[in-house]
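A short worksheet on the structure shown next.
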Ligand code: G3P
Ligand code: CA
């Protein structure tokens, strides 16, 4: 089964750039994808939401306030929720200046634009369905865009795509519509509940603060929805010593804002 995880050779954990290489470029922009590539990071994580007119865009927060200039551009539109703006309005926003003037003019990418950029570089995607309860039916919308862009073809589905969410229902919806897509549950289900999760997901993605060696072993002992052992990727690990600790617990993947630092910290000869 595809996705962030061990390849059976017990190599170093896979490194996944959180919101792109978001320590070095504004999160969830194409610049953050490019930064990940420049650092040699093949896997990129992002966050997907839906606009008022049904476009899928890559942005973490429920509102546009923190990562764009929306407050200045649309002062009367508080609280500036993504779902209250059209794609055309969002396309005019500056999603880079908040991070540094050098990134002025970066945009909130549509999912389609984001996939195109990944494809241009042969990068792979850990796609987060963000707050699925706010966007009924977003799973089908995401699968439609992925399909149109060629991301549901065998090569991508086997090696280049994982869909994750804090919402179990979203993963079940993805699986019901496209059983071949690899999914990951964000969170740390109780060990007793893991078999129920293994029925609909392939990976468990706990916070770095909750993961233990016993927990990783309990996850690995189960087979996931595609019949291979469940994998574990921990988030968000930005410190070299912490990365070595988490790698020592046996995780398969590490999600980080600083893929260069973490890759160097966990590299094995
Ligand atoms: O990939 C894990 C991580 O992204 C989950 O938290 O808030 O950064 O989306 P958040
Ligand atoms: Ca995320």
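Data overview
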| read-out | value |
| --- | --- |
| q = 0.07, 0.08, 0.13 Å⁻¹: log10 I(q)/I(0) that the Debye formula gives for the chain, counting C-alpha atoms only | -0.23, -0.30, -0.81 |
| For 204, 16, order by how many other beta-carbon atoms lie within 10 Å, fewest first | 16, 204 |
| Length-normalised contact order for the stretch 211-250 - Cα pairs under 8 Å, 6+ apart - percent | 46 |
| Over the chain: helical MRE at 222 nm, DSSP H runs n ≥ 4 each giving -39500 (n - 2.57), nearest 500 | -8500 deg cm²/dmol |
| Folded to 0 to 90 degrees: helix 111-121 orientation relative to the chain principal axis, Cα | 60 |
| Candidates 73, 37, 124: whichever shows maximal mean-square fluctuation once the chain is modelled as a Gaussian network with Cα springs under 10 Å | 73 |
| Whole-percent pair-distance distribution, where bins are 5 Å wide, for the alpha carbons of the stretch 162-227 | 4, 19, 32, 25, 14, 5, 1 |
| The stretch 1-106: relative contact order as a whole-number percent, Cα under 8 Å and 6+ apart | 21 |
| Overall dimensions of the stretch 129-241 as given by Cα atoms, namely Rg and Dmax in Å | 14.3, 42 |
| Within a Gaussian network of the chain (alpha carbon springs, distance under 10 Å), most fluctuating of 164, 72, 123 | 72 |
| Helix axis angle, 168-177 relative to the chain longest principal axis, alpha carbon, degrees | 90 |
| Rounded tilt (10° steps) of 138-148 against the dominant C-alpha axis of the chain | 90 |
| Peptides 193-199, 235-241 ordered by average Cβ neighbours within 10 Å, highest first | 235-241, 193-199 |
| Least to most buried among 200, 85 (fewest other Cβ within 10 Å first) | 200, 85 |
| Sequence-separation-based contact order of the chain, relative, with Cα cut under 8 Å and 6+ spacing, percent | 21 |
| Per-bin percent of Cα-Cα distances, the stretch 201-258 [10 Å] | 26, 53, 19, 2 |
| Additional length obtainable on full extension of the chain from residue 72 to residue 180, 0.36 nm per residue less Cα span | 34.5 nm |
| Residue order, fewest to most surrounding Cβ atoms within 10 angstrom, among 83, 258 | 83, 258 |
| Three-way shape call for the stretch 32-189 based on the alpha-carbon gyration tensor, with the a/c threshold at 1.5 | oblate |
| Most mobile of 217, 42, 21 in a GNM of the chain (Cα contacts under 10 Å) | 217 |
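Coordinate-derived values only; no laboratory data. These numbers come from a predicted model, not from an experiment. Cβ: placed from backbone, ideal geometry, glycine included. Neighbour counts: every protein chain shown.
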